[in-house]
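The following block contains the structure, expressed as structure tokens.
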Amino acid sequence: MGNYKKLWFWLIGILIVTFSILGYFGADVYRNAPPIPAQVKVEATGEVLMTREDILQGQSAWQSTGGMQNGSIFGHGAYQAPDWTADWLHRELVTWMNLLSQERFGVSYEQANEEQKAILEAAAKKEYRTNTIDANEVVTISARRAQAMKMTGEYYKGLYGDEPSLNSTRESFAMKTNTLADPARRDKLVNFFFWSTWVAATERPGSDVTYTNNWPPESIIDNVPSAENVIWSIISVILLIAGVGLLVWGWAFLSNHAEDETQAPKMDPITTFKLTPSQKALGKYAFLTVALFGFQMLMGGAVAHYTVEGQTFYGIELSKWFPYSLLRTWHLQSAVLWIAAGFLTAGLFLAPIVNGGKDPKGQALGVNVLFLALLVVTVGAFVGNYLAIAGQMPAELNFMLGHQGYEYLDLGRVWQFALFLGIAFWLFLMARCLVGAFKQGGDKNLLALFTASVVAIGLFYGSGLFYGEHSNIAVMEYWRWWVVHLWVEGFFEVFATAALAFIFSSMGLVSLRMATTASLASACLFMLGGVPGTFHHLYFTGATTPVMAVGASFSALEVVPLVVLGYEAFENWSLRNRAPWMANLRWPLMFFVAVAFWNMLGAGVFGFMINTPVALFYLQGLNTTAVHAHAALFGVYGFLALGFVLLVLRYIRPTMQFSDGLMKASFWALNLGLLGMIATSLLPIGLYQFHESVSVGMWSARGEAFLQQDFLENLRWIRTISDVIFLVGGFGVALQVCKGVFLNRAPK
Ligand code: HEM
Ligand SMILES: [Fe+2]
């Protein structure tokens with residue numbers, strides 16, 4: 001540890017404190033998860049409308065349709081069809097008020113005058129916000145609400161089936177006819193949707209906000225941001241400003257400003273190692289990465305097209321076999337897989353280098369076995385998704401083999417477990433080399449940090465196994481974000497920093513001391529905000545107000561290191577002149593500069609845009625989330641994975657030359673395409689929806705009438721231009737990688 005003792009103590013201290021917070025409030029998520037009632041009964045007659053079992057079976061039915069890949073629940077999921085929670089709630093409320101209005105005033109709610117409307121809305125508010133759950137977990141509702149619920153249910157059954165009068169609505173929502181073909185399962189499905197709105201409209205016992213902290217925005221029942229929501233939003237902005245200020249002070253006063261005097265070596269040190277057999281086996285990994293990337297882009301283009309032509313692809317009736325929900329599932333699953341593949345490639349390439357330039361026994365075999373395993377998991381998971389959405393997967397097998405319905409963890413549980421085993425096997429292959437490295441003397445602090453991030457990435461994928469098919473959504477969300485959030489806003493950030501620092505110091509471009517200090521310090525910052533920041537995904541998913549407060553405060557701190565990344569980008573960029581041989585590495589380096597840029601803009605700025613509770617209250621599930629997701633996930637980890645692959649390729653194919661023209665065009669097309677899809681389409685649509693969500697409500701901002709306006713439809717069309725530019729860039733990189741892999745094989 002030596003000189004770095006202080007930094008290590010800080011890092012370990014931060015991890016202990018932040019994971020204690022995550023665990024402590026995690027227990028709160030379990031304890032206070034919105035109840036799934038044992039029964040829902042009609043007050044006057046005692047008729048049982050549904051039981052807990054019915055709701056849980058509805059959850060399973062929903063999962064089998066692709067769940068979050070078709071509309072959303074609590075704002076989590078896909079953006080074209082409505083948010084079912086907000087949509088059902090609004091429909092049921094209007095139906096309920098119509099019934100009451102006919103009874104009292106003899107006219108429909110629409111025809112009622114202002115005073116009458118006020119009376120109706122006050123009555124609705126009272127009826128819906130009051131919590132009637134008793135000690136036996138039985139919820140009692142009025143006969144009128146039961147009727148409103150049944151009527152809303154009929155509409156939903158028709159929508160998920162083949163009701164002809166809803167053909168054009170299904171097209172607007174990019175839903176295929178018979179999204180859930182079995183009528184018996186549609187009967188169950190509606191119970192689950194009803195439950196999600198009961199949760200969103202009913203006040204938590206002893207509080208004046210609903211189980212979802214008043215989400216979704218719905219004026220009829222006064223679902224507006226709570227006082228705490230507003231207060232913690234303001235606090236989080238102040239924390240961000242304070243954090244940035246303190247960081248600049250700390251950097252100015254505490255850091256050692258001595259210029260890094262490192263003299264770059266005459267020759268690239270990495271090329272002085274002889275390539276090992278396991279490194280030579282990595283060509284196919286590079287290929288797999290860009291092949292899955294290519295597939296992902298094509299799926300993305302098709303999904304975007306479905307937002308303008310809901311069921312057809314330029315006239316071809318594609319949705320019968322490959323509906324929106326399936327292609328969107330594949331779009332996201334392949335993103336996770338190719339980015340992971342890029343990281344695995346980088347890790348496997350570096351492992352023998354840290355081991356002194358040699359393979360442990362059988363390493364190449366291990367690398368090949370892992371490759372086959374990845375292929376099996378990918379194909380298995382994708383076929384499972386297909387069968388689920390085609391309705392051909394037996395209901396009882398769906399969760400295990402078909403579609404979990406949970407965004408980013410869509411693959412069946414068996415495939416998820418197999419992927420976890422695959423990652424564990426990768427860890428094993430890495431560990432064999434790393435152990436060897438630690439046995440040799442010298443300063444191993446940076447290596448230790450790199451190793452820790454690798455282990456954490458591997459192990460944390462496993463937290464996605466901690467919920468089951470029938471887990472309460474609130475609990476499921478907690479674990480799902482342990483994977484997605486802790487990966488992208490925690491361990492991936494540390495891995496990216498440590499891996500690049502490690503690579504640049506191995507090349508002799510920066511001193512090991514500088515690289516180690518900077519990596520440890522940034523790891524502290526990333527973890528401090530990132531770990532409890534997980535709760536920014538749980539503001540409105542059935543967790544309590546303190547969870548929201550913790551999420552808002554810590555996630556604001558996440559942005560602090562991101563907004564100053566320009567400095568790091570400049571330092572990386574300056575490396576290109578450090579040694580003549582760096583000319584060979586110009587393109588990987590450019591990709592790493594792009595990583596820093598998008599980390600600042602996509603993660604920092606667009607992440608914070610939707611991050612305060614009051615902003616997310618209105619924005620959850622609008623196109624603004626897509627803005628952030630594309631700019632951050634591709635912008636940061638996409639560019640990083642591609643940069644890694646290009647770098648590795650450069651070494652495992654020593655005779656290869658990057659085609660400068662091709663790389664330049666591709667690099668800029670990727671950046672401009674990404675910027676274009678955001679600036680000309682996703683962001684304007686999102687901001688327009690934002691206005692609708694604040695002024696009218698979430699149900700409308702995601703509703704058919706609003707989204708099908710010509711103006712918004714045109715904005716979705718306009719996206720095609722940037723999508724094509726992006727595709728050209730992506731396939732350009734893929735072409736370069738394929739040429740490198742297949743045309744530059746080293747002579748035997
Ligand atoms: C490189 C880092 C990051 C990546 C790759 C990333 C990626 C993502 C993705 C994929 C989503 C989900 C989108 C969806 O549901 O369709 C998301 C949601 C979100 N992210 Fe990030 N993100 C990053 C950093 C940040 C940062 C720094 C913040 C703010 C501090 C942030 C705030 C949010 C919020 C508030 C949501 C929406 C919450 C929700 O719907 O649960 N993200 N992010
Ligand atoms: Fe997050």
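With the structure loaded, tell me whether Lys5 is over 30 Å from Leu449 (Cβ atoms) and either of a type outside the set (Ser, Thr, Tyr) or crowded, with 18+ Cβ neighbours inside 10 Å (or both) or whether it fails that test.
Here the answer is no, as Lys5 does not meet what is asked.
Yes/no matrix, rows are residues, columns are (1) part of a helix (DSSP H, G or I); (2) within 22 Å of Tyr618 (Cβ to Cβ); (3) aliphatic (A, V, I, L, M); (4) in contact with a Gly (Cβ under 6 Å, 6 or more places away or on another chain):
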site	(1), (2), (3), (4)
Leu662	yes, no, yes, yes
Leu670	yes, no, yes, yes
Ile685	yes, yes, yes, no
Tyr688	yes, yes, no, no
Ser693	yes, yes, no, no
Ala705	yes, yes, yes, no
Leu712	yes, yes, yes, no
Arg716	yes, yes, no, no
Leu727	yes, no, yes, no
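Still on this structure, please answer the following. Is at least one residue of segment 489-502 assigned to a helix (DSSP H, G or I), within 18 Å of the chain's Cα centre (by Cα), within 24 Å of Asp28 (Cα to Cα) and away from ligand 2 (no atom under 12 Å from the Cβ)?
no
Can I ask one more? Please give the number of the condition Gly468 fails out of (1) farther than 18 Å from Leu411 by Cβ; (2) part of a loop (DSSP other than H, G, I, E, B); (3) of a type in the set (Gly, Ala, Ser).
(1)
Same structure again: Quick check on Pro546: is it assigned to a helix (DSSP H, G or I), in contact with an Asp or Glu (Cβ under 9 Å, 6 or more places away or on another chain) and away from ligand 2 (no atom under 16 Å from the Cβ)?
In short, yes.
Could you list, in sequence order, all residues of segment 635-649 that are in contact with a helix residue (DSSP H, G or I) (Cβ under 6 Å, 6 or more places away or on another chain) and either more than 16 Å from ligand 2 (Cβ to nearest atom) or closer than 30 Å to Glu228 by Cα (or both)?
Hits for segment 635-649 are Phe639, Leu640, Ala641, Leu642, Gly643, Phe644, Val645, Leu646, Leu647, Val648, Leu649.
Sticking with this one: Kindly list the number of the only condition in (1) in contact (Cβ under 8 Å) with a residue 12 or more places away in the chain; (2) among the small types (Gly, Ala, Ser); (3) not in a helix (DSSP H, G or I) that fails for Gly206.
Tallying (1) in contact (Cβ under 8 Å) with a residue 12 or more places away in the chain; (2) among the small types (Gly, Ala, Ser); (3) not in a helix (DSSP H, G or I), Gly206 fails exactly one: (1).
Kindly evaluate Ser555 against the criterion of being under 21 Å from the mean Cα position of the chain (by Cα) and either assigned to a helix (DSSP H, G or I) or within 14 Å of ligand 1 (Cβ to nearest atom) (or both).
yes
Follow-up. So which pairs qualify, if the first residue must be in segment 638-661 and of a type in the set (S, T, N, Q), the second must be in a helix (DSSP H, G or I) and surrounded by fewer than 24 Cβ atoms within 10 Å (Cβ to Cβ), the Cβ gap must be under 9 Å, and the two must be at least 6 apart or on different chains?
Here the result reads Gln657/Asn584; Ser659/Leu735; Ser659/Gln736; Ser659/Lys739, each pair linking segment 638-661 to a residue that is in a helix (DSSP H, G or I) and surrounded by fewer than 24 Cβ atoms within 10 Å (Cβ to Cβ).
Looking only at residues in segment 263-277 that are closer than 17 Å to Leu649 by Cβ and among the hydroxyl-bearing types (Ser, Thr, Tyr), which one is surrounded by the most Cβ atoms within 10 Å (Cβ to Cβ)?
The extreme case among them is Thr276.
Same structure, new question: Looking at Leu682, Leu589, Leu675, Leu601, which is the one that is more than 30 Å from Asn213 (Cα to Cα), among the hydrophobic types (A, V, I, L, M, F, W, C) and at pLDDT 95 or above?
The match here is Leu675.
Within segment 585-602, identify whether any single residue is within 13 Å of ligand 2 (Cβ to nearest atom), surrounded by 20 or more Cβ atoms within 10 Å (Cβ to Cβ) and farther than 22 Å from Leu15 by Cα, and answer yes or no.
Looking for residues that are within 13 Å of ligand 2 (Cβ to nearest atom), surrounded by 20 or more Cβ atoms within 10 Å (Cβ to Cβ) and farther than 22 Å from Leu15 by Cα, one finds at least one in segment 585-602, hence yes.
Of the residues Val475, Val454, only one is at pLDDT below 95 and either surrounded by 22 or more Cβ atoms within 10 Å (Cβ to Cβ) or among the aliphatic types (A, V, I, L, M) (or both); which?
Result of the check over Val475, Val454: Val454.
List every residue pair whose Cβ atoms sit under 7 Å apart, with the two residues 6 or more apart in sequence or on different chains, where the first one lies in segment 606-621 and is β-branched (Val, Ile, Thr) and the second, anywhere, is near ligand 1 (Cβ under 6 Å from one of its atoms).
Cβ pairs passing all conditions: Ile610/Leu616; Ile610/Thr625; Ile610/His628.
Related question: Which one is nearest to Thr210 (Cα to Cα) among residues in segment 223-262 that are surrounded by fewer than 15 Cβ atoms within 10 Å (Cβ to Cβ) and of a type in the set (Gly, Ala, Ser)?
Step by step, filter segment 223-262, then rank; the result is Ala227.
Ok, one more. Suppose we filter segment 75-99 for residues that are under 20 Å from the mean Cα position of the chain (by Cα) and of a type in the set (Asp, Glu); how many remain?
Within segment 75-99, residues that are under 20 Å from the mean Cα position of the chain (by Cα) and of a type in the set (Asp, Glu) number 1.
Go through (1) within 12 Å of ligand 2 (Cβ to nearest atom); (2) at pLDDT 95 or above for Ser553 and report which single condition fails.
Only one criterion is unmet by Ser553, namely (1).
Can I ask one more? Select from segment 2-20 the residues that are of a type outside the set (A, V, I, L, M, F, W, C) and under 26 Å from the mean Cα position of the chain (by Cα) and list them in ascending order.
Thr18, Ser20
OK, next. Do we have any residue at all in segment 616-633 that's part of a loop (DSSP other than H, G, I, E, B) and away from ligand 2 (no atom under 16 Å from the Cβ)?
yes
Does Val488 count as among the aliphatic types (A, V, I, L, M), surrounded by 24 or more Cβ atoms within 10 Å (Cβ to Cβ) and either more than 30 Å from Ile270 (Cβ to Cβ) or out of contact with any strand residue (DSSP E or B) (no Cβ under 9 Å at 6 or more places or on another chain) (or both)?
Criteria not met by Val488.
Would you call Gly621 closer than 18 Å to Leu675 by Cβ and within 11 Å of ligand 1 (Cβ to nearest atom)?
Considered against the rule, which asks whether it is closer than 18 Å to Leu675 by Cβ and within 11 Å of ligand 1 (Cβ to nearest atom), Gly621 comes out as no.
Condition (residue is in contact with an Asp or Glu (Cβ under 6 Å, 6 or more places away or on another chain), more than 16 Å from ligand 1 (Cβ to nearest atom), part of a helix (DSSP H, G or I) and not acidic (Asp, Glu)) applied to segment 514-530: is it met by at least one residue?
yes
Test each condition in (1) part of a loop (DSSP other than H, G, I, E, B); (2) without any contact (Cβ under 8 Å) to a residue 60 or more places away in the chain for Gln311 and report the one that comes out false.
Gln311 satisfies every listed condition except (2).
So, Phe492, is that one within 16 Å of ligand 1 (Cβ to nearest atom), at pLDDT below 95, over 25 Å from Gly58 (Cα atoms) and among the aromatic types (Phe, Trp, Tyr) or not?
yes
Residues in segment 254-268: is at least one touching a residue at least 12 places away in the same chain (Cβ under 8 Å) and in a helix (DSSP H, G or I)?
Checked segment 254-268: no residue is touching a residue at least 12 places away in the same chain (Cβ under 8 Å) and in a helix (DSSP H, G or I).
Spot the failing condition for His536; the list is (1) within 13 Å of ligand 2 (Cβ to nearest atom); (2) surrounded by fewer than 24 Cβ atoms within 10 Å (Cβ to Cβ); (3) of a type outside the set (Lys, Arg), and only one is missed.
Looking at each condition in turn, His536 falls short on (2).
Looking at segment 104-131 only, could you name the residues that are surrounded by fewer than 19 Cβ atoms within 10 Å (Cβ to Cβ) and touching a residue at least 40 places away in the same chain (Cβ under 8 Å)?
Glu121, Lys125, Arg129, Thr130, Asn131 - these are the residues of segment 104-131 that are surrounded by fewer than 19 Cβ atoms within 10 Å (Cβ to Cβ) and touching a residue at least 40 places away in the same chain (Cβ under 8 Å).
Can you work out which of the residues in segment 603-615 that are in a helix (DSSP H, G or I) and touching a helix residue (DSSP H, G or I) at 6+ places or on another chain (Cβ under 6 Å) is farthest from ligand 1 (Cβ to nearest atom)?
Filtering first and then ranking leaves Val614.
The values are calculated or read from the model by the stated rules, or taken from the named source; none is laboratory data. Only a predicted model underlies this, so the values are computations on that prediction, with no experimental measurement involved. All Cβ positions, even for glycine, are placed from backbone atoms using ideal geometry, and neighbour counts span all protein chains on display.
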